[in-house]
Amino acid sequence: MGLRSLRHLFFCALLSSTLFIAACKPGIYLKNQGDILAIASMQTIVDDDFIHMAMDPKQIELGKLLFFDKIMSGNENISCSTCHHPMTFSTDNLSLPIGQGGAGLGPARRVVLDGETPVRERMPRNAPDLFNRGMKSFKTLFHDGRLSTDYSQSNHFRNPAGDALPEGFSHALEAQTIFPLTNPTEMAGHAGQNAIADCADAGDFTCLWGEVVDRLRQNSVYVDLFKDAYGLDDGAEISIVHVGKSLAAFISASFRADRSPFDQYLRGDESAMSHKAKKGMELFYGKASCVNCHSGVLQTDQSFHAIAMPQIGPGPGGDGYQGHDDFGRERATGDQADRYKFRTPSLRNVELTGPYGHDGAYESLEDVVRHHLNPGISLANYNLDQAFLPDAGPDLNLIDQIVLDDFLSKASLIVANELQPVDLSEEEIQCLLAFLRSLTDSNSMHLGHLIPGSVPSGLPIAD
Ligand code: HEC
Ligand code: HEC
């Protein structure tokens with residue numbers, strides 16, 4: 001390269017960095033003082049916001065063992081931790097999880113198509129992270145919100161099992177944790193493989209939870225732990241409510257993330273966030289309108305919106321004329337106006353918890369942010385390489401693509417879309433990303449200490 005072109009390069013770099021600094025200058029994009037006030041008036045997260053603070057440490061410890069123990073799955077081949085592992089930031093870092101029958105952990109997990117309990121399909125939705133789900137403000141869980149606190153129900157929850165959900169749960173998270181056990185692809189296994197799977201196949205939740213508890217009652221270590229944690233006289237008193245409460249206590253205590261630079265900034269440490277991140281924060285809660293849905297200290301309105309997220313994978317079943325679409329919130333409410341709406345995710349630790357969207361359509365954080373800026377173009381240009389899907393053999397791979405290739409489905413996604421395109425400069429997008437990275441609690445990057453040395457069943461935990 002000649003001196004001249006080198007100089008030219010240097011000049012361009014200088015120019016762009018000057019522009020960049022100008023674009024990130026504090027205050028220049030503030031629409032009004034209200035944006036700053038919205039940030040300044042935000043409540044910081046405190047101990048009392050979490051359900052585990054009122055729980056016995058023995059319940060948390062018991063929950064940890066249950067979380068890592070494959071005894072909880074029908075074929076004893078998968079645990080909660082497989083898809084919500086501390087080393088992969090309480091998710092699995094795959095677009096779509098590989099449930100019972102798969103092998104390996106995190107991005108290395110793979111589909112196994114032979115043997116006695118082969119994988120039959122990918123899971124239809126991305127495994128959400130579990131950060132701060134123990135906060136009392138999380139009253140609605142799952143991407144489509146099909147479990148939510150509702151005091152008009154006798155058991156206090158609108159939920160997939162209806163009245164079969166036992167009474168006694170105090171928070172949505174406690175009730176949620178017993179549902180992964182009931183899904184054949186996820187943990188239960190398929191009819192004929194085990195007693196739990198047979199109950200699942202019959203759609204009998206009471207029978208299924210009874211089978212899980214029976215297994216635990218046959219393990220004397222668990223019996224002692226339950227007796228101790230809940231003051232029971234006898235193993236016969238163990239119920240699925242104790243199981244759910246313990247799992248929730250562990251999740252709440254372990255996946256707490258409220259020490260990010262953003263939190264420290266809200267607590268008064270102005271220097272905790274970089275200049276660029278502060279600029280991004282102003283854009284987020286201001287001009288870029290992210291706040292319309294990602295509001296408040298957790299960056300979520302805990303509500304549902306349609307944002308034309310590309311649809312990949314097998315789908316949860318029965319949606320669209322090929323059966324592989326995902327109608328989202330409509331599945332829970334039955335209201336067609338809710339089609340393609342998904343819960344606004346909290347953005348805590350978002351840098352760590354990809355791939356993104358209810359189906360993990362985007363592996364990269366920048367890609368999913370760019371999707372928001374122009375959903376129509378992003379959907380039109382989308383291809384499966386933007387996701388992270390380990391090979392699942394030709395038959396299952398083919399299914400991943402079906403809805404994407406369907407023009408009609410894409411058109412309906414666009415019609416339902418609520419996101420207005422936002423015009424941001426490249427520099428502004430980088431500021432926005434810097435803000436999203438300032439939501440990372442560095443403690444969440446070191447969660448290896450949560451992994452127990454062994455579990456009462458003696459089943460392996462390191463795979
Ligand atoms: C095979 C992977 C897999 C396993 C195993 C698994 N999960 Fe999940 N988990 C998921 C997926 C996928 C979702 C989202 C499902 C949906 O929204 O339809 C989810 C959702 C959740 C949620 C709701 C989070 C939110 O914000 O809505 C919680 C809590 C949770 N799982 C806890 C658990 C617990 C506890 C266990 C063990 C009993 C478990 N999971 C086992 C994949 C898994
Ligand atoms: C109209 C409501 C709405 C607005 C405005 C909005 N989002 Fe979102 N956002 C959502 C919903 C809903 C999802 C989840 C979609 C899904 O699961 O398919 C989402 C997902 C995301 C994700 C992926 C998180 C994850 O864990 O999967 C990121 C990052 C994100 N939004 C950032 C932003 C940014 C930055 C802005 C502003 C430029 C913004 N959003 C504006 C509703 C909105």
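The alpha-carbon positions of segment 327-388 define a convex hull whose volume is 100 Å³ per residue. Projected onto their three principal axes, the Cα atoms of segment 199-350 cover extents of 59, 50, 23 Å, largest first. Distance from the C-alpha centroid of segment 88-121 to that of segment 194-216: 22 Å, rounded to the whole angstrom. Solvent-free Debye calculation, one equal scatterer per alpha-carbon of segment 108-150: log10 I(q)/I(0) at 0.16, 0.31 Å⁻¹ equals -0.64, -1.19.
Taking packing as the residue-averaged number of other Cβ atoms within 10 angstrom, the listed peptides 386-395, 311-320, 189-198 run from highest to lowest as 311-320, 189-198, 386-395. Give the Rg/Rh ratio for segment 310-459, taking Rg as the radius of gyration of the Cα atoms and Rh as the Kirkwood radius, to two decimals. Checking Rg against Rh, the ratio lands at 1.03. Checked against a 20 Å cut-off, the cross-linked pairs Lys139/Lys245; Lys139/Lys227; Lys58/Lys245; Lys136/Lys227 give Cα-Cα distances beyond that limit for Lys139/Lys227; Lys136/Lys227.
Put in line by how crowded their Cβ is, counting other Cβ atoms within 10 Å and starting with the fewest, His171, His305 read His305, His171. Taking amide hydrogens as placed 1.01 Å from N in the peptide plane, the amide H of Gly328 sits under 5 Å from those of Tyr340, each at least 5 positions away in sequence or on another chain.
If you take all other residues with their beta carbon under 10 Å from the beta carbon of Thr300, and give Lys and Arg +1 and Asp and Glu -1, the sum is +1.
As a rough footprinting exposure proxy, the listed residues Met445, Met55, Met309 were ranked by other beta carbons within 10 Å of their own, and the order from fewest upward is Met445, Met55, Met309.
Dipole magnitude for segment 148-247: computed about the Cα centre from +1 point charges on Lys and Arg Cβ and -1 point charges on Asp and Glu Cβ, it is near 200 debye.
For the chain, compute Rh as the Kirkwood radius over C-alpha pairs and then the Stokes-Einstein diffusion coefficient at 10 °C and 1.306 mPa s; write the answer in µm²/s, rounded to an integer.
Working: Rh = 23.5 Å.
It diffuses with D of about 68 µm²/s by this estimate.
Report summary: the helix-based calculation at 222 nm, which adds -39500 (n - 2.57) for every DSSP H run with n ≥ 4 and divides by the residues of the chain, gives -10500 deg cm²/dmol. In terms of overall dimensions, the C-alpha atoms belonging to segment 369-441 reach 42, 32, 19 Å along their principal axes, ordered largest to smallest.
Counting every alpha-carbon pair across segment 163-246, the share separated by more than 18 Å comes to 44%.
Taking only the C-alpha atoms of segment 35-108, the Rg (one decimal) and the largest Cα-Cα distance, Dmax (whole number), read 17.5, 53 Å. Orientation-averaged projection of segment 73-176 equals 7.4 nm² [convex hull of Cα atoms, one quarter of hull surface area]. According to the calculation over all Cα-Cα pairs in segment 249-290, the P(r) per 10 Å bin from zero is 27, 37, 26, 10 %.
Let me know the charge dipole size of the chain about its Cα centre in debye, to the nearest 20, where only the beta-carbon of Lys, Arg (+1) and Asp, Glu (-1) is charged. Write out the running numbers ahead of the final one.
Working: 37 positive and 59 negative charges, 328 e Å.
Result for the chain is approximately 1580 debye, rounded to the nearest 20.
Over segment 124-263, the ratio between the Cα radius of gyration and 2.2 N^0.38 Å evaluates to 1.10.
Backbone phi angles across segment 355-362, fed through the Karplus curve with coefficients 6.51, -1.76 and 1.60 (θ = phi - 60°), yield HN-Hα couplings of x, 10, x, 4, 10, x, 4, 10 Hz in residue order; Gly and Pro are listed as x.
Coordinate-derived values only; no laboratory data. Predicted model, so just to flag it, every value in this text is computed and none were measured. Note: ideal-geometry Cβ built from the backbone for every residue, glycine included; neighbour counts use all protein chains shown.
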